[in-house]
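Presented below is the structure to which this report refers.
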Amino acid sequence: MSQTIADTIHRLFVELHQNPELSNQEFETTKRLKSYLQQANIRILELGAKTGVIAEIGSGSPVLALRADIDALPIQEQTTCEYRSKNPNVMHACGHDVHTAILMGAAYLLKAHEKDLKGTIRLLFQPAEENFSGALHFIEIGALKGVDAILGQHNNPNLTINQMASCAGPFSANVDRIEITVKGVGAHAARPETGVDPIVVGAQIVNAVQTISSRSVSGLDAVIVSITKFQGGNTWNVIPETVEMEGTVRTLTPEIRAKVKQQLKNITENIASALGAKAELRWFDGPPSIINDAKWVEFAKQVAKHANYEIVDFKPQLGGEDFAHYLHHVPGAFINLGSQSPYAVHHPKFQLNRDMIMPAVNYLSELAKQALIQLAQDKKAGGN
């Protein structure tokens, strides 16, 4: 890679980190990315994206999509780095700035060898991953039209900068949000027998839902049910009429997801009924689990080995990632590249090792070139 490209990509990373924007508000980020793409004469597809950019290199079939997310988090940065965020209470605490810089670097390299590409590389600089709406928006406007496979990457602070990890099958969790309303009968706190205490009912529900993972599903199936908000009452001597709760459910498969949903409904409604109250469960589907294609995971690992990455064993994680939506339409893989940070993503002191950028750029560009060749071979074999 030329030093000019390396300098350009490092500059882009710093600019992105200093100027983070929240989900669906990435207007200046979008302008910046378009400017960098135009400088390299990379064609931009105008598909009506509200924010984010879709671009292409090469021509014809097959078509491989590469995706990076561009949004930041509502976190006040607490690092001491010289390029820390200039925007109060907004920070690239998940590394989307580095994902974007890596994809742009790969785009520059691929553009430099465009005449040698055996098909088309579609670049998805996707907004709004953090609120799980960006991938669905891109799919809706046609970002996957004609795409044969898709690859995505995310930094992993637990890995060193020379390590790569992925796995076939489930990679991330189904991420669902729940709301529970318990309605009792308000009363004086000194005469609880005249009412139905929704706080007591709610507490029983909180305790009972913890048995779902320990008693309702196999110990081999990963399940988390977390009640993260419990709100009721407004003074010390009055039993309130209602309690509101919120939380999240994390599972890895559609079958366990459906089972937990039904069990949670049963527990909520039946405990409330047994204690003389009423309860309503509201379930909001989030992104599904990433289900990686085994073939593409192995392909990505083999290219990574040739790029001098150490391949690390990886087990499915219970975090969420809206890249999963793409894999419901086309096959592909999501991989992790080491960013070697002492703090986890979403932490105000998260600070990745910038030395990860250029090896990742080289790897992603080579992976894209080799993937196009593989797709062309697959199409030829299928046609025969």
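The values are calculated or read from the model by the stated rules, or taken from the named source; none is laboratory data. On a predicted model such as this, the values are computed, not experimentally measured, just so you know. Every residue, glycine among them, receives a Cβ derived from its backbone with ideal geometry; neighbour counts consider all protein chains shown. Surface accessibility is based on the protein's heavy atoms, side chains included, excluding ligands, DNA and RNA. Shrake-Rupley method; radii C 1.70, N 1.55, O 1.52, S 1.80 Å.
Among the residues of region 233-245, those identified as of a type outside the set (V, I, T), open to solvent by less than 60 Å² (accessible area, probe 1.4 Å) and on the phi < 0 side of the Ramachandran plot are N237, P240, M245. Looking at T228, T242, T268, just one residue is within 24 Å of G320 (Cβ to Cβ), among the polar types (S, T, N, Q) and touching a residue at least 60 places away in the same chain (Cβ under 8 Å), and that residue is T268. Going through (1) β-branched (V, I, T); (2) touching a strand residue (DSSP E or B) at 6+ places or on another chain (Cβ under 8 Å); (3) open to solvent by 30 Å² or more (accessible area, probe 1.4 Å) one by one, I102 falls short only on (3). Take T80 and decide whether it is buried (at least 24 other Cβ atoms within 10 Å of the Cβ) and of a type in the set (S, T, Y). So T80 fails the test.
Can you pull out every residue in region 246-259 that is in contact (Cβ under 8 Å) with a residue 60 or more places away in the chain and open to solvent by 50 Å² or more (accessible area, probe 1.4 Å)?
Just the residues of region 246-259 that are in contact (Cβ under 8 Å) with a residue 60 or more places away in the chain, to begin with: 246-254, 257.
E246, R250, P254 - these are the residues of region 246-259 that are in contact (Cβ under 8 Å) with a residue 60 or more places away in the chain and open to solvent by 50 Å² or more (accessible area, probe 1.4 Å).
Mind listing whichever residues of region 344-363 are closer than 21 Å to I102 by Cα, open to solvent by 10 Å² or more (accessible area, probe 1.4 Å) and not basic (K, R)?
Here is the first cut: in region 344-363, the ones closer than 21 Å to I102 by Cα are 344-346, 350-363.
Subsequent filtering for residues that are open to solvent by 10 Å² or more (accessible area, probe 1.4 Å) retains 344-346, 351-355, 358-359, 362.
Residues satisfying the conditions are A344, V345, H346, Q351, L352, N353, D355, M358, P359, N362.
So, E179, is that one assigned to a strand (DSSP E or B) and under 30 Å from N234 (Cα atoms) or not?
Values: assigned to a strand (DSSP E or B): yes; under 30 Å from N234 (Cα atoms): yes.
Against the criterion (assigned to a strand (DSSP E or B) and under 30 Å from N234 (Cα atoms)), E179 qualifies.
Counted as qualifying within region 241-353 are the strands (runs of 3 or more DSSP E) with 3 or more residues that are over 30 Å from Q374 (Cα atoms), namely 242-251, 278-284. Scanning region 69-100 for residues that are in contact with a Pro (Cβ under 6 Å, 6 or more places away or on another chain) and among the β-branched types (V, I, T) yields I70, I75, V90. In region 236-258, the residue that is farthest from I212 (Cα to Cα) out of those that are touching a Ser or Thr at 6+ places or on another chain (Cβ under 7 Å) and of a type in the set (D, E, K, R) is E244.
So, of the residues in region 315-327 that are modelled with pLDDT under 95 and more than 12 Å from the chain's Cα centre (by Cα), which turns out to be most open to solvent (accessible area, probe 1.4 Å)? In this case the residue turns out to be K315. List the pairs whose first member sits in region 281-307 and is over 26 Å from S133 (Cβ atoms), whose second member is part of a loop (DSSP other than H, G, I, E, B) and not acidic (D, E), and whose Cβ atoms are under 7 Å apart, counting only residues at least 6 apart or on separate chains? Correct list of pairs: A294/A168; V297/S166; V297/C167; V297/A168; A300/S166; K301/S166.
Can you name the residue in region 73-129 that is assigned to a helix (DSSP H, G or I) and of a type in the set (K, R) and, of all such residues, is nearest to the chain's Cα centre (by Cα)?
K111
For (1) modelled with pLDDT under 95; (2) more than 22 Å from P287 (Cβ to Cβ); (3) surrounded by 16 or more Cβ atoms within 10 Å (Cβ to Cβ), each residue gets a yes or a no:
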position: S216; (1), (2), (3): yes, yes, yes
position: D221; (1), (2), (3): yes, no, no
position: I224; (1), (2), (3): no, no, no
position: Q263; (1), (2), (3): no, no, yes
position: A272; (1), (2), (3): no, yes, yes
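Every residue, every condition in (1) open to solvent by less than 40 Å² (accessible area, probe 1.4 Å); (2) at pLDDT 95 or above; (3) out of contact with any Leu (no Cβ under 7 Å at 6 or more places or on another chain); (4) within 18 Å of I141 (Cβ to Cβ), yes or no:
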position: S35; (1), (2), (3), (4): no, yes, yes, no
position: G48; (1), (2), (3), (4): no, yes, yes, yes
position: V53; (1), (2), (3), (4): yes, yes, no, yes
position: S59; (1), (2), (3), (4): no, yes, yes, no
